[in-house]
Structures are given as C-alpha cells and as structure tokens.
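Asks: A single structure is presented below for examination.
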Number of protein chains: 2
Amino acid sequence: MASILECTNSSKSIFDHDISASRFSARPLYLQARDAIAQRIAAGDWKPHTAIPNEADLAREFGVSPGTMRKALDLAEAERLVTRRQGRGTFVTDPTSDDQVERYNCIRGRDGKRAGKEIEVLSLLETTVNERECLRLHLRLRERVIRIRRLRLADGRPYMLEDVVLPARLYPNLTHETASERTVVMAQKFGVLLGKGEERVSIGNAAPDVASALQVDEGHTIMRLDRVIYTLQDKPAEWRMGHCLMDGRYYLSELR
Amino acid sequence: MASILECTNSSKSIFDHDISASRFSARPLYLQARDAIAQRIAAGDWKPHTAIPNEADLAREFGVSPGTMRKALDLAEAERLVTRRQGRGTFVTDPTSDDQVERYNCIRGRDGKRAGKEIEVLSLLETTVNERECLRLHLRLRERVIRIRRLRLADGRPYMLEDVVLPARLYPNLTHETASERTVVMAQKFGVLLGKGEERVSIGNAAPDVASALQVDEGHTIMRLDRVIYTLQDKPAEWRMGHCLMDGRYYLSELR
DNA sequence: AAGTGGTCTAGACCACTCA
DNA sequence: GAGTGGTCTAGACCACTTG
C-alpha cells in the first residue's frame with residue numbers, strides 16, 4: 001500500500017492515504033501522520049485559515065487510531081502548522097497572519113511593539129555560494145544562492161540593513177517583488193515550512209556601506225544580528241546578517 | 001479524600017496521594033498530577049539524579065490511568081522537572097548539573113562556548129522594593145527584596161556586572177555565600193522551580209560604577225541584559241540587569 | 001529475563017461553539 | 001442539538017537498558 005508521503009494530489013481514496021501499512025517502518029506512525037499533514041499544507045492542498053478534517057476522520061483516512069492522530073496533531077500544533085480550537089475545529093495556521101508574521105523578528109521599539117514593517121530591496125543577485133555561506137547554510141560547493149540586500153524602515157526611516165542569503169533551490173525564480181516580503185511570506189509562497197532558528201547578537205560598528213544606508217556616521221555603534229532559520233526538516237532555509245540601529249530599541253529574547 | 005497537594009510528607013499510604021477524588025475539580029487530572037510531581041521535587045522528597053517510581057506505580061498511587069500519568073510526565077519533562085530514558089526510568093532533573101546550570105545564560109565566547117563561571121559578590125542588601133522593581137517583579141508595595149551586585153569573570157577578568165533583585169519571600173535568610181551562586185543553584189536551594197524567562201537586550205554605555213567594576217573607560221559600549229525569570233507558576237523569581245562587555249562575545253538566542 | 005519508557009489501540013464522556 | 005477538540009480510561013505490544 002502506498003505511503004501517504006507519495007500522495008500530494010487530491011485523490012480522495014482512503015487507500016491512497018493509509019499509512020497503517022508502514023507500521024513496520026522505523027518511523028513512528030504519529031510522526032508519519034504529522035509529516036503527511038505538513039506535506040499537504042506545504043503543497044497547498046490545505047490552505048491557510050481553512051479547517052482540516054476532524055480527528056476521527058483523519059484517523060480513519062490515515063488508518064491509525066484516534067489517539068495516534070491526536071498525538072500527530074498535538075505535534076503539528078506545537079510546530080505551528082495548525083491551530084486547534086475546542087468546539088470549532090483544526091485550522092491551517094497562516095504564517096503570514098498578523099500574529100505569526102513577526103515570528104523571527106525580535107526587535108522591539110521603545111513602546112515594546114515590534115519595529116516597522118516597510119522593506120526596501122536594494123539589490124538582488126543569484127550566484128554561487130561563497131565559503132561563509134557554505135558553512136552557515138550547510139550547502140555543497142557550487143550550489144546556487146540568492147543574495148538580497150534590503151532595508152527595513154520604521155516611520156519611513158531606515159533602522160536595519162539586511163543581507164539575506166537563500167538557497168536558490170528552495171526559492172526558484174524569486175522575483176524582486178517577492179524579495180521585498182518578509183521571510184515567512186517568501187517561505188509560504190514557495191511551500192517552505194519554517195521551524196527553529198538561531199540568532200547570534202553582537203555589537204559592532206557601521207561599515208561605510210552600512211552607515212550610508214542607515215544614514216548615520218561611519219563607525220556608529222550597531223547591533224549585528226546573525227540569524228539562521230531552518231525548515232521543519234532542519235535544513236537551513238535562510239541566513240540573514242542584520243545591521244541594526246538600536247536607539248530606543250531592544251532585542252527581546254524568550255528563555256525556556 | 002485528601003488532595004495530593006496537601007501531602008508532602010513521606011507517608012506511603014496510597015490513599016493520601018490519590019487525586020482521583022478531585023476528578024470533578026476544574027483542573028484536569030494530568031495537571032494535578034504534574035503539580036504533585038513538582039511539589040515533591042520542590043520539597044526535596046525526590047532528590048536530583050534519583051529515579052522516581054515508574055508510570056504504572058505512579059498512576060496507581062495517584063489513582064489515575066496510565067495514559068493520564070504519562071501525559072503528566074510528558075509535561076514535567078517538557079518543563080525540565082524530570083528526564084526520561086527508555087529502558088532506564090524517570091529521573092529528577094538536576095537544575096545545577098552541567099547541562100542545565102547555564103539554562104538562562106545566553107552569553108557565548110568567540111569559540112561558541114559559554115562565558116566564564118566565576119562570580120564575585122560586591123554587595124548584598126535586603127530592603128523594601130522601589131518602583132521599578134515593583135513593576136518588573138509584580139510585587140506589592142512595601143514587599144521586601146534582596147539586592148545583589150556581583151561580577152562575572154572569565155579567565156579571571158570581569159566581563160559582566162550584574163544587579164540581581166530577588167523577592168525576599170522566596171529566598172529567606174539568603175547568605176553572602178549563596179548569593180555567589182548561579183540563579184539556578186540559588187533557586188534549587190530554596191525549592192524554587194524555575195520556568196520561562198524573558199530578556200531585553202540593548203546597547204548602552206558604561207556608567208562610572210559599571211566602568212570601574214569592569215575595568216574599562218567610562219562610556220565604553222556595553223550590552224545591557226534586562227532579564228526576568230519566572231517560576232513554573234509564572235511568578236517572577238528574579239530580575240537581573242546585566243552590563244556586559246561584548247568584545248569577542250555574542251548573545252545566542254533560540255527562535256521557535 | 002525483568003523492568004522501564006515509547007508507541008498504539010479503541011473506545012468513553014465532557015466542554016465548548018455555533019446554527 | 002450536532003459537531004468539534006479536550007480529557008480520561010484500560011489495556012496491548014515494542015524497544016531499550018541492565019543485571
């Protein structure tokens with residue numbers, strides 16, 4: 001019997017989706033079920049904001065018990081793939097919704113609110129990886145990357161210069177327009193599901209190009225934000241080096 | 001039948017521990033069971049590194065089903081109360097062990113390793129809260145706090161001046177010696193179970209007292225680390241303001 | 001071989017939402 | 001009242017560790 005992982009089409013036959021035949025596989029059923037859910041969301045079979053079938057139906061469709069399906073859904077919710085509400089249903093999380101869009105943005109203004117939303121693309125280039133990118137993004141030599149230099153603005157004023165590097169494989173034919181979107185929006189357009197990230201925050205001084213872009217003197221103290229975001233499958237999906245003016249702003253870190 | 005929450009003594013009677021009678025309580029059984037586990041660990045009934053009874057025994061003792069007890073243990077593990085290892089058992093996590101002690105310390109050296117461990121207490125004072133402390137620690141007016149000023153050193157050199165504020169109620173009769181321990185060690189000595197934290201990172205300049213403590217010029221650029229750590233019950237347990245030299249160091253933030 | 005946690009089943013009833 | 005997720009039960013078998 002075919003694994004659910006091979007079936008991203010819209011066939012309704014329960015047989016195509018049944019994963020109970022792979023119960024002798026090494027991977028636990030609840031993880032396979034979670035994978036199947038992720039797959040459908042990534043492929044766009046299930047759109048953001050829409051309800052997915054209820055637990056019992058999904059369990060029947062995938063050929064697992066309700067308890068196992070629940071465990072898969074619990075995991076999917078923890079990974080922000082879905083949102084569940086008692087009495088209402090299970091909904092596909094929209095990563096571009098107001099409460100999710102700033103998921104990886106830790107910069108806050110004096111008022112505690114997140115900093116500005118405007119983004120201006122300065123340059124966009126597809127090329128071959130250099131050594132640093134290779135290390136940071138775990139790519140092979142000669143793989144292609146997309147380099148984006150862009151500016152973030154708050155109230156019309158630039159506060160952060162970003163150098164974004166993306167594996168070209170994940171974002172084929174990226175346009176200038178898409179490059180001006182936030183990371184989560186770009187990812188969603190290409191069916192990339194984002195998971196954990198890691199950011200290294202340090203203090204630095206504005207190099208000439210950074211200073212002119214941010215409209216400050218050369219050598220101005222800035223915060224350097226060196227961030228890598230991984231996909232749900234733990235593959236690097238973005239490396240961003242940010243150069244941020246911190247007057248009146250702070251970086252908010254959640255500790256667990 | 002008595003709730004488990006009232007029983008922190010070492011009585012072995014299963015009746016004293018049974019929480020099934022509170023199944024009509026608003027609080028779900030698995031949360032009550034988790035609370036009971038936390039209580040015993042905080043009270044020192046179960047010591048770090050020791051094994052606790054297996055799932056089936058705990059389920060019988062608490063009067064719940066194995067599935068419910070498992071859910072409680074899953075939660076306790078996510079909260080770092082216990083560590084479970086297949087085939088071996090469930091063990092009380094030692095918050096002062098090497099891999100846990102630096103849980104809230106995000107400062108890393110050039111090599112990616114955590115910064116130095118030495119701590120030198122400069123001053124220790126019990127007093128009444130001021131306004132800022134009141135806000136940060138959610139305390140009532142006139143509550144008592146302990147203020148600790150201390151220095152962190154790496155390779156014998158100071159790199160961070162810390163102003164730590166603790167609610168005196170949680171840390172009765174804190175000694176100078178205990179004040180030189182890390183947060184997690186202090187908390188463990190007083191049976192305080194720590195949960196989430198939140199840190200605001202900004203850039204600042206060393207005030208005169210900070211500069212002299214860190215052996216740098218006044219006005220030297222530093223990173224300000226404004227951190228609040230909460231207990232597992234979401235009550236503030238510590239407010240720390242750190243003033244940190246960042247030459248060659250960075251702040252590591254995990255994004256989820 | 002015995003004991004542990006990890007996975008999985010197949011139900012039950014409750015709390016909540018909405019038409 | 002019908003449908004949803006949330007909680008809870010009472011087992012089964014498997015994978016892993018240790019004596």
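Read the figures in this text as sums done on the coordinates, not as results from a lab. From a predicted model like this one, the values you see are computed outputs, not experimental measurements. All Cβ positions, even for glycine, are placed from backbone atoms using ideal geometry, and neighbour counts span all protein chains on display.
Asks: Under 8 Å for C-alpha pairs, at least 6 residues apart: give me the relative contact order for chain B, rounded to a whole percent.
Replies: Details: 461 pairs, mean separation 37.8, N = 256.
Computed value for chain B: 15 percent relative contact order.
Asks: Give me the dipole magnitude in Debye, nearest 20, for the protein assembly as shown about the Cα centre, with unit charges on the beta carbon: positive for Lys and Arg, negative for Asp and Glu. Don't skip to the end; give the middle numbers.
Replies: Values: 80 positive and 74 negative charges, 134 e Å.
Roughly 640 debye, rounded to the nearest 20.
Asks: Among B:120, B:199, B:218, determine the one that fluctuates most according to a GNM of chain B built with springs between C-alpha atoms less than 10 Å apart.
Replies: Largest GNM mean-square fluctuation: B:218.
Asks: Hey, what did segment B:54-187 get for relative contact order, percent, Cα under 8 Å, at least 6 apart?
Replies: Numbers: 164 pairs, mean separation 23.2, N = 134.
Normalised by residue count, the contact order of segment B:54-187 is 17 percent.
Asks: Mind listing the long-range amide H neighbours of residue A:193? Cut-off is under 5 Å, sequence gap 5 or more, other chains count too, H placed in the peptide plane at 1.01 Å from N.
Replies: A:232
Asks: What's the long-distance tail for segment B:146-209, i.e. % of Cα pairs beyond 15 Å?
Replies: Values: 1240 of 2016 pairs.
Result: 62 percent of Cα pairs exceed 15 Å.
Asks: List the lysines whose alpha-carbon lies under 16 Å from that of residue B:71, not counting same-chain residues fewer than 8 positions away?
Replies: Within the straight-line limit of under 16 Å, residue B:71 reaches these lysines: A:71.
Asks: Among the listed pairs A:117/A:189; B:113/B:235; B:47/B:113, which have their C-alpha atoms separated by more than 21 angstrom in this model? Could the numbers behind the result be given before it?
Replies: Working: A:117/A:189 19 Å; B:113/B:235 30 Å; B:47/B:113 29 Å.
B:113/B:235; B:47/B:113, as the Cα separations exceed 21 Å there.
Asks: Mind ordering A:171-180, A:64-73, B:54-63 by average Cβ neighbours within 10 Å, highest first?
Replies: Highest-to-lowest ranking by the protection proxy: A:64-73, B:54-63, A:171-180.
Asks: Oh, and also: Over all alpha-carbon pairs in the protein assembly as shown, figure out the percentage whose distance exceeds 30 Å.
Replies: Working: 77370 of 130816 pairs.
The calculated P(r) of the protein assembly as shown puts 59 percent of pairs beyond 30 Å.
Asks: What are the extents of the Cα atoms of chain A along their three principal axes, in Å, largest first?
Replies: 65, 44, 32
Asks: Determine, at each q value in 0.09 (inverse angstroms), the log₁₀ of I(q)/I(0) that the Debye formula gives when each Cα of segment B:62-213 is one equal point scatterer.
Replies: -0.39
Asks: Now for a different question. Using the Karplus equation 6.51 cos²θ - 1.76 cosθ + 1.60 (θ = phi - 60°), what ³J(HN,Hα) coupling, rounded to whole Hz, does each residue of segment B:226-236 give in order, writing x for Gly and Pro?
Replies: 9, 10, 10, 10, 10, 6, 4, 8, 6, 9, x
Asks: Counting only helical runs of four or more DSSP H residues, what would the 222 nm mean residue ellipticity of chain A come to if each run contributes -39,500 (n - 2.57) and the total is spread over all its residues?
Replies: Working: 7 runs with 61 residues, N = 256.
It lands at -6500 deg cm²/dmol.
Asks: Going toward the positive end of the dipole of the protein assembly as shown, with +1 on Lys and Arg Cβ and -1 on Asp and Glu Cβ, which of A:194, B:174, B:156 do you reach last?
Replies: With unit charges placed on the Cβ atoms, the residue in question is A:194.
Asks: While we're looking at this one, here's another question. For segment A:118-256, calculate the relative contact order in percent as a whole number, restricting contacts to Cα pairs under 8 Å that are 6 or more residues apart. Could you put the intermediate results ahead of the total?
Replies: Values: 278 pairs, mean separation 31.3, N = 139.
Reported relative contact order: 23 percent.
Asks: Enter the angle in degrees (range 0 to 90, nearest 10) between the Cα long axis of helix B:66-78 and the first principal axis of the Cα atoms of chain B, meaning the one along which they spread out most.
Replies: The angle comes out near 10 degrees.
Asks: Give me the inter-chain shielding for B:224-231: mean count of other chain Cβ atoms within 10 Å, whole number please.
Replies: On the way: counts 2, 2, 2, 2, 1, 1, 1, 0.
Mean partner-chain Cβ count within 10 Å for B:224-231: 1.
Asks: Compute the long axis of helix B:29-43 from its Cα atoms, compare it with the longest principal axis of the Cα atoms of chain B, and write down the angle in degrees, 0 to 90, nearest 10.
Replies: With rounding to tens, the tilt is 60 degrees.
Asks: Separate question: Apply the Karplus parameterisation 6.51 cos²θ - 1.76 cosθ + 1.60, with θ equal to phi minus 60°, to every residue of segment B:164-179 and state each ³J(HN,Hα) to the nearest whole Hz, in sequence, with x for glycine and proline.
Replies: Taking θ as phi minus 60°, the curve returns 9, 10, 10, x, 4, 4, 7, 10, x, 6, 5, 9, 4, 5, 5, 5 Hz for segment B:164-179.
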